[in-house]
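Right, one structure below, let's go through it.
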Amino acid sequence: MSNPLHIKATQLTPLVHYNESTRTLLFEGESRPENVKKFYDPIIAWMTEYLATEPAQSVVNVDLKFEYLNSASIKYIYDILMVFEKQVAKHKITVTWYYVPEDDLMLENGEDYSNLVPNLNIQIKQF
């Protein structure tokens, strides 16, 4: 893909970075943007274009390392996972949800996503 994805983290938004060499899309940090649509819509558009242009059976890794998600971000992360779920038959997609051991809410979020998007094999791991 011609334009790489790299969005620096702020106090309100996570780092979003695609590493082409490891084929990994990383989300890391807090997600509580003032305008969640303005933040996540371009990411969803990038992902949709990326997945449409990749050869069949391409490996795609998604690492989700959120420290906090507000309610609007929770909905957009679901939308992102649905984009990947639609591509499971075409690509080899691995999603890993990371949580801090003491953070039961983030663990529950990962479990909820795993149940809501059953066609994605969402691995849940501590970090």
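What to note about this one:
- Isotropically averaged projected area of the chain, using the convex hull of Cα atoms (one quarter of hull area), nm²: 7.2 nm²
- Placed amide H near K92: partners under 5 Å, 5+ positions off or other chain: Q57, S58, V59, V60
- Averaging 1/r across all pairs of distinct Cα atoms in region 1-51 and inverting the result yields a Kirkwood radius of 11.4 Å.
- The slack in the chain from Q123 to S71, taken as 0.36 nm per residue of separation less the alpha-carbon distance, amounts to 16.5 nm.
We did not get these values from a lab; they are worked out from the coordinates using the rules stated. What you are looking at is a predicted structure, and each value in this text was computed from that prediction instead of being measured.
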